[in-house]
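> Input: one structure, supplied below.
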Amino acid sequence: MIETCLKSIALAGYRSYDGDLAQNKIDLSDINIIIGANGAGKSNLISFLEMISFMMTRGLRSYVARQGGAQSLFYFGTKQTERIAGELQIHDANGRKEDHYSFRLEPSATDQLFFAKEQIMYQEETYSKPYQKDFGIGHQEAELSNSWDTTARVLRNYLERLRVFHFNDTSINARIRSMTSAADGSYLRSDGGNISAFLYQMREDPERLPYYERIVRYTRMALPQFFDFILEPDSNGNLPLNWRTEGAEEIFGPHQFSDGALRFVALTTLLLQPARTAPMTIILDEPEIGLHPYAISLLAKEIRMASRTSQIIVSTQSPLLLNEFSCEDIITAEYDSVNQRSILRRYKESDLREWLLEYTLGELWEKNVLGGLPL
């Protein structure tokens, strides 16, 4: 298992997930491929993790406002659901302990949220009793984000990096196609808006240069016309994501990448970057959108490579991507129309051994053996 990662997550009262916290718990591993139909709950699980990341930077109110107010976040609204709850268990191999963060959110009169509970707990191997800290109630932003307690600081630093990477906006005015400061390259932003600076700094660092070269090599595999990036800051220290083809002098700009090509470049940069800059947990929502089948196969290989140093959580609707992984990597999200709630399930290979003798995982999903399809 990765040194620091999410071991389990439980959520209740959030969007399509009902109020049963114990029932809505799922264990996580190094690779987690979440499949499900539209509206089954896979994207709601991803957005729940995104909300927690916002909470760690005192951005909960901003997140709620962007989502259309607190009412939109509750399972069938606040008339049916009184609270949103979450429990996260974080595995910390360095400290040889299990950290826990739990919270409960309730609606305010202004269609915002306040904390009705916020607590951390950890159990070290050398101690008989767990350490526990309660942050009280009534605050509108996470107190964990302010605490200087050693354990709180470690937890906060991890949880605020639960970034969900969205590279779907490749429109003409998208940040990923725009100029960026060459100095803004310490880490890759969640929308890829500083990708040229991130690649530039990687190329200029002798220790990170081999990773840059690997990114170029994988990009060539998916985009035969691509040879290398041309990353030269202008007089103001800004640079675009320019590139060129082999044997040609002409320089192409970021607007001459197709949407799918640009997404593949961003995904490859994210997944093949050095371990020292990579997020401890990488979260992707339907990364296969717009990719050629061969590029999807390369993406799967990159995910497996990245999983050596980062935990990977991916939601997908692609049978092709699913085919590249094992049964233990798969989490099925399906909507129980009778009880009107999302359900998360993880299979073991022994559950499907007979099926896998004749069918791929993608075929089993299409046949609804794995669940996660509309009935």
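The values are calculated or read from the model by the stated rules, or taken from the named source; none is laboratory data. Computed from a predicted model, the values in this text were never measured in an experiment. Ideal geometry is used to build each Cβ from the backbone, glycine not excepted, and the neighbour counts take in all protein chains shown. The accessibility values were calculated without ligands, DNA or RNA, using every heavy atom of the protein model including side chains. Shrake-Rupley method; radii C 1.70, N 1.55, O 1.52, S 1.80 Å.
> For the stretch 175-191 and the stretch 353-369, compute the distance between their C-alpha centroids and round to whole Å.
If we compute the Cα centre of each part, the gap is 41 Å.
> How long, wide and thick is the stretch 1-143, going by the Cα atoms along their three principal axes, in whole angstroms, largest first?
Ordered largest first, the stretch 1-143 gives principal extents of 45, 38, 26 Å.
> Which of the trypsin sites (Lys or Arg not before Pro) across the stretch 279-363 are loop residues per DSSP, with 11 or fewer other Cβ within 10 Å?
Values: sites: 301, 304, 308, 341, 345, 346, 348, 353; in loops: 308, 348.
Taking the stretch 279-363 and a limit of 11 other Cβ atoms within 10 Å, the loop trypsin sites (Lys or Arg not before Pro) found are 308, 348.
> In the stretch 1-31, whose amide N lies under 16 Å from the spot 7 Å out along Cα-to-Cβ of residue 326? List them in ranges.
Once the point is set 7 Å along Cα→Cβ of residue 326, 1-2, 28-31 turn out to lie under 16 Å by backbone N, inside the stretch 1-31.
> What is the gain in length, in nm to one decimal, between residue 225 and residue 8 on full extension, counting 0.36 nm per residue of separation less the C-alpha to C-alpha distance?
Gain on extension, residue 225 to residue 8, equals 73.9 nm.
> Here's something else I'd like to know. Given the Cα-Cα distance of residue 351 and residue 57 and 0.36 nm per residue of separation, how much length would full extension add, in nm?
Values: separation 294, 0.36 × 294 = 105.84 nm, distance 4.14 nm.
Stretched fully, the residue 351-residue 57 segment lengthens by 101.7 nm.
> Contour minus end-to-end for residue 157 and residue 339, with contour as 0.36 nm per residue of separation and end-to-end as the Cα-Cα distance?
Working: separation 182, 0.36 × 182 = 65.52 nm, distance 3.74 nm.
Difference between extended and current length: 61.8 nm.
> From largest accessible area down, sort 336, 134; use a 1.4 Å probe on the protein chains. Could you put the intermediate results ahead of the total?
Details: 336 30, 134 100 Å².
Output order, biggest surface exposure first: 134, 336.
> Quick one: order 265, 369 from most to least accessible surface, probe 1.4 Å. Walk me through the intermediate numbers first.
Working: 265 0, 369 40 Å².
The most accessible residue leads, giving 369, 265.
> For a quick check, take a GNM of the chain with Cα springs below 10 Å and name the residue from 20, 259, 351 with the largest mean-square fluctuation.
Greatest mean-square fluctuation among the candidates belongs to 351.
> Counting only chymotrypsin sites (Phe, Trp or Tyr not before Pro) that are in a DSSP loop and have at most 10 other C-beta atoms within 10 Å, tell me the longest site-free stretch of the chain. Provide the component values of the computation, followed by the final result.
Numbers: sites that count: 127, 148.
Between the exposed loop sites, the longest stretch runs 149-375.
> Now a separate question. Take the stretch 150-250, compute every pairwise Cα distance, and split them into 5 Å bins from 0; I just need the percent in each bin.
With a bin width of 5 Å, the distribution comes to 2, 12, 16, 20, 22, 13, 7, 4, 2, 1, 0, 0.
> Give me the 1.4 Å probe accessible area per residue for the chain, excluding ligands and nucleic acids, in Å². Display every interim value, and only then the final one.
Working: 16760 Å² over 375 residues.
I get 45 Å² per residue for the chain.
> Another question, then. What is the diffusion coefficient of the stretch 59-114 in µm²/s, taking the Kirkwood radius over Cα pairs and the Stokes-Einstein relation at 37 °C with a viscosity of 0.692 mPa s?
256
> Longest span of the chain, sites excluded, free of GluC sites (Glu not before Pro) in DSSP loop with at most 16 other C-beta atoms within 10 Å? Can you show the working numbers first?
Working: sites that count: 3, 82, 125, 207, 246, 249, 250, 358.
Counting at most 16 other Cβ atoms within 10 Å as exposed, the longest clean stretch of the chain is 251-357.
> Only Cα pairs within less than 10 Å get springs; with that Gaussian network setup on the chain, which residue of 332, 277, 269 has the largest fluctuation?
Among 332, 277, 269, the largest mean-square fluctuation in the Gaussian network model of the chain belongs to 277.
> Given the convex hull over the Cα atoms of the stretch 84-212, what projected area results after averaging over all orientations, in nm²? Mind dumping the intermediate values first?
Values: hull surface 47.4 nm².
About 11.9 nm², averaged over all directions.
> Let me know the volume per residue of the alpha-carbon convex hull for the stretch 271-375, in Å³. It would help to have the intermediate numbers written out before the result.
Values: hull volume 12.8 nm³, N = 105.
Taking the convex hull of the Cα positions in the stretch 271-375, it is 122 Å³ per residue.
> Between residue 72 and residue 123, with labels modelled 7 Å along Cα→Cβ, what's the label distance in nm to one decimal, could you check?
Reported label-point gap for residue 72 and residue 123 is 4.0 nm.
> Quote the accessible area belonging to residue 91 in square angstrom, nearest 10, computed with a 1.4 Å probe and with ligands, DNA and RNA left uncounted.
40
> Return the distance in nm (one decimal) between the two label points of a simple spin-label model at residue 150 and residue 183, each offset 7 Å from Cα along Cα→Cβ.
Between residue 150 and residue 183, the label points sit 3.5 nm apart.
> Another one. Please express the shape of the stretch 298-339 as an equivalent ellipsoid: the semi-axes are the square roots of 5 times the eigenvalues of the C-alpha gyration tensor, given largest first in whole angstrom.
Numbers: eigenvalues 117, 29, 14 Å².
Square roots of five times the eigenvalues give 24, 12, 8 Å.
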